Every structure is written in C-alpha cells, then in structure tokens.
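Beneath this line is the structure, given in structure tokens, with notes to follow.
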Amino acid sequence: MKKIVVYIGIVVFALGIMHKSADAQIVNGAYKQNDIYEKKPMPLVPVREADVFWQKTLWRVIDLREKMNIPLYYPTIPIADRSNLISLLLKGIESGQITPYDAQADDDFKIPMSFAQVKARFGAEARTEEKIDFDTGERTQVQVQGEIRPTEIKQYMLKEQWYFDKQTSTLNVRILGICPIREYMREGDTSGQPQRQKVFWIYYPEARPLLATNVVQNPYNEARQQSFDDLFIKRMFNSYIVQESNIYNNREISSYLVGKDAMLESKRIEDEIFNYEQDLWEY
C-alpha cells in the first residue's frame, strides 16, 4: 500500500512539473516560429578564376524612399527583435562583429575605422559646451555626447561584380560591399539643399552571418519573413547604376552626364549587361 501511495505521489509531482514548464513556454503568436538566430547564410557556389571569361564591376544606389525599399528603412525605432538595416550594421560595428572601412579614402576595404570614427561621421562625437549657472553666473565647460540619427540614412550604395561562368553558362552577381549614404542639413545652412555623405563601407561577405540572423519586415505577409541576407541575395530591391568600371579612372556617370541623360546612361549599362548574356545564344 505504501508503494502505491509513493508511486502516485511521484506521478502527481511529475505532472506538476510538466504543467509548470508548459506554462513557462510563452508563444507570442498562433504558433512557435523557428529561431532566426540559428539560421546560416545561404551558401554560394564557389567560382574558379579559370571559369570566368567576362566580368564587370558596378556601383548602384538603393534609395530608401522608393516603395520597394521601405523594409530597409523601417522600423526607425527597434520593435521587439526587429530593427532597420543601419541600426543592425551599427550594432555589429559596436560589438566588433563587422568592420567598417573609410568611405572617403576608397571602396577597396583598406582603411578600417573605429566605432568612435563612425559616430564622428554622423556628427555624434563628444563636444565641449559652455554651461552657465544662472544662480551664481559661473561658467563651466561640460562634455556633451552627440547622438547618432539613423533616420538620416536615406540611401545605400552597393559595390558588386557581374561575371559569366562558362562552367555553368550563367551570368551571376556577387555583392562586394555596402555603404550607407547620409543626408543631413548643415548648421546655419539656409539653402535648403541637403548634404550627402558616404559614411563607411562594409565588406558584404563578412556581414552575411549578421544579416542572415535578423529578419526584415515583410509589409504584405508576416508569415513569410526573410532575412536581410535573403533580401540582397535574391535581389528584392530596386536600384539604379551610378558607376561602372571603365578606363577613365572608373569615373561616375554624374561626372559627365546629368539629369535625364544620366538616367538613360544608367539604363544603357543595365541593358548592356542583360544583352551580353542573351547575345551568347542563338534561338
């Protein structure tokens, strides 16, 4: 009889623990979603130099004010585990997970920057201001820490390489780097014309593990979320070409064309790459 009582007690105790553990697992939704932090970057097919017989380097701009690119701009304020692209990059830089490179020097990822230098590019470096005590009239110098304003990032520049792989007979593209472009107004400037500044370059292959473990908001269907890395690899953004590799010191389109002519030149370069692959075949 004692054995039966002990057995029942053990069963009741085990059921109580199971009930408590079930209550502790809170699912904020209709179902439990997979942990995005365990996701790995999509593997890319290795490329041999001997298989590439044509390539071209391009620089293109993603404007976040275009409707298709809005998921890269919002949310401007972190919501739950979601943040916009620039906040994610800054978080990775501050933690040392990714390295920023000086965008004012070149775009070859040669000169690394510190997080303090990145903050200075945003105008968020610490500065000295004079504080007046209105009771005593005493003037003192105090250190004021500036603030990074992620909403000033209105564009991104991508550096990418297009190449034709004869082994697979396909035209492919690899993103090499990404550069946030800041738009801001200078203090005391009454012209109303915003200033544009390249803040830093990020070597994209290094940033892929971070981008792959953070979800970008899908404005049409929350059940079909994807990572920032998926968005770039699948080319789910709208952009326009501003520069191509050429014999004229890789000059930008804006250096020799403006307005509508510059837009037509950008479209011509885009079509040239598309037609290159099409012209290799006969139908």
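The values are calculated or read from the model by the stated rules, or taken from the named source; none is laboratory data. Keep in mind that what you see is a predicted model, and the values were worked out from it rather than measured. All Cβ positions, even for glycine, are placed from backbone atoms using ideal geometry, and neighbour counts span all protein chains on display.
Summary table
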read-out	value
Leading residue by the ranking (nearest to T170 (Cα to Cα)) among those in region 247-263 that are of a type outside the set (G, A, S) and exposed (fewer than 12 other Cβ atoms within 10 Å of the Cβ)	I247
Failed item, numbered, when K39 is tested on (1) touching a Ser or Thr at 6+ places or on another chain (Cβ under 9 Å); (2) of a type in the set (D, E, K, R); (3) farther than 21 Å from R224 by Cα; (4) at pLDDT below 90	(3)
Count of residues meeting criterion [in contact with an Asp or Glu (Cβ under 9 Å, 6 or more places away or on another chain) and farther than 14 Å from I273 by Cβ] in region 241-250	2
Within region 210-224, tally of residues that are more than 14 Å from P75 (Cα to Cα) and touching a residue at least 24 places away in the same chain (Cβ under 8 Å)	4
Among residues of region 80-110, those that are surrounded by fewer than 18 Cβ atoms within 10 Å (Cβ to Cβ), within 17 Å of C179 (Cβ to Cβ) and under 15 Å from the mean Cα position of the chain (by Cα), counted	1
Checking I70 against (1) surrounded by fewer than 12 Cβ atoms within 10 Å (Cβ to Cβ); (2) under 30 Å from E265 (Cβ atoms), the condition it does not meet	(1)
Any chance V61 is closer than 17 Å to F232 by Cα and surrounded by fewer than 21 Cβ atoms within 10 Å (Cβ to Cβ)	yes
Residue list for region 84-103, filter: among the polar types (S, T, N, Q) and either in contact with a His (Cβ under 7 Å, 6 or more places away or on another chain) or touching a residue at least 60 places away in the same chain (Cβ under 8 Å) (or both)	N84, S87, Q97, T99
Cβ-Cβ under 7 Å pairs, at least 6 apart or on other chains, region 149-169 side under 11 Å from L58 (Cβ atoms), far side surrounded by 19 or more Cβ atoms within 10 Å (Cβ to Cβ) and acidic (D, E)	K159/D107
Out of E206, E244, sole residue that is more than 17 Å from L72 (Cβ to Cβ), buried (at least 16 other Cβ atoms within 10 Å of the Cβ) and touching a residue at least 60 places away in the same chain (Cβ under 8 Å)	E244
Filter result for I77 (more than 15 Å from the chain's Cα centre (by Cα) and not in a strand (DSSP E or B))	yes
Selection from region 149-174 of residues that are crowded, with 19+ Cβ neighbours inside 10 Å and either of a type in the set (A, V, I, L, M) or in contact with a Cys (Cβ under 6 Å, 6 or more places away or on another chain) (or both)	I153, M157, L158
